Amino acid sequence: MLKKIQVSTIYESGILFATDDPDMALELKRTGEAVLYVCEDIENAPFIDGIKYITDDIDGCDENFLRMAYSRQKKLPFQVAETERTVIREITVEDLPELYQVYDDDEVRKFMEPLYDYDKEKIYTENYIANMYEVCGYGLWLVFDKATGKLAGRAGISVRQIDGEYYNELGYVIRKEFRRKGYAYEACKAILEYASENLHIYNPVIVTECANTASKGLANKLGFRELGTTFMNEKEYAIYQI
């Protein structure tokens with residue numbers, strides 16, 4: 001069986017090939033195609049070196065899974081969500097120069113750790129893409145303004161240890177010119193919906209310095225409520241959860 005599935009991403013439209021023939025799957029992969037291996041007995045599916053995406057029901061695959069399978073194999077950043085004014089997608093190394101502009105801000109420096117120097121940040125980003133996006137399927141993403149194509153900020157879900165326990169944390173930083181215009185709320189609301197529907201993350205936390213009144217206000221607006229506070233690196237943080 002060989003089935004061609006038309007897939008559209010923010011960068012291109014292309015074909016994702018679905019087959020139940022291991023040899024055909026390998027040959028398609030060798031020629032640079034995006035491949036989805038189909039096996040009815042998925043628990044006992046044979047290991048095929050290089051084939052990462054597998055399903056037991058090709059007709060039951062949702063669009064999100066198909067787009068991810070195509071994007072990952074074609075080395076394209078995966079689009080997580082789209083809102084009225086924003087596009088939320090994975091980071092690439094090419095995005096780093098503009099990301100430095102987001103962090104080059106006194107308000108950001110007040111509450112967030114700076115980026116590394118470029119060479120170290122480049123390596124960190126490459127590892128982040130390989131280990132967080134491709135292995136875990138989520139992480140911090142980039143938020144772009146649709147109207148201008150400009151990087152408006154960064155937001156997403158990451159794992160954070162707090163007082164010895166691990167939590168899924170919703171984090172965000174918005175570029176100065178996009179603040180107080182609802183961009184953070186719009187993007188974070190879409191991310192929470194994506195996390196619930198696709199990642200089965202239903203109760204993330206927001207951790208913010210107690211002095212960061214804007215971040216605390218956004219947490220409340222998103223429906224989070226303060227659980228308590230904790231101290232990290234000699235600073236007091238408020239912990240919020242839905």
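Of the candidates T55, T83, the single residue that is modelled with pLDDT of 95 or more and of a type in the set (V, I, T) is T83. Within the stretch 141-161, residues that are open to solvent by 50 Å² or more (accessible area, probe 1.4 Å) have Cβ atoms under 7 Å from residues that are among the hydrophobic types (A, V, I, L, M, F, W, C) in these pairs: K146/V87; K150/F144; R160/V207, counting only partners at least 6 apart in sequence or on another chain. Across the stretch 1-25, what is the total count of residues that are surrounded by fewer than 16 Cβ atoms within 10 Å (Cβ to Cβ) and touching a residue at least 24 places away in the same chain (Cβ under 8 Å)? Within the stretch 1-25, residues that are surrounded by fewer than 16 Cβ atoms within 10 Å (Cβ to Cβ) and touching a residue at least 24 places away in the same chain (Cβ under 8 Å) number 7. Only residues that are within 25 Å of E82 (Cβ to Cβ), charged (D, E, K, R), in contact with a strand residue (DSSP E or B) (Cβ under 8 Å, 6 or more places away or on another chain) and surrounded by 13 or more Cβ atoms within 10 Å (Cβ to Cβ) were counted in the stretch 185-242, giving 1.
The values are calculated or read from the model by the stated rules, or taken from the named source; none is laboratory data. It should be emphasised that the depicted structure is a prediction, and the values quoted were computed from it without experimental measurement. Note that we place each Cβ from the backbone using ideal geometry, even for glycine, and neighbour counts take in every protein chain shown. Areas reflect the complete protein model, heavy atoms only, side chains present, ligands, DNA and RNA absent. Shrake-Rupley method; radii C 1.70, N 1.55, O 1.52, S 1.80 Å.
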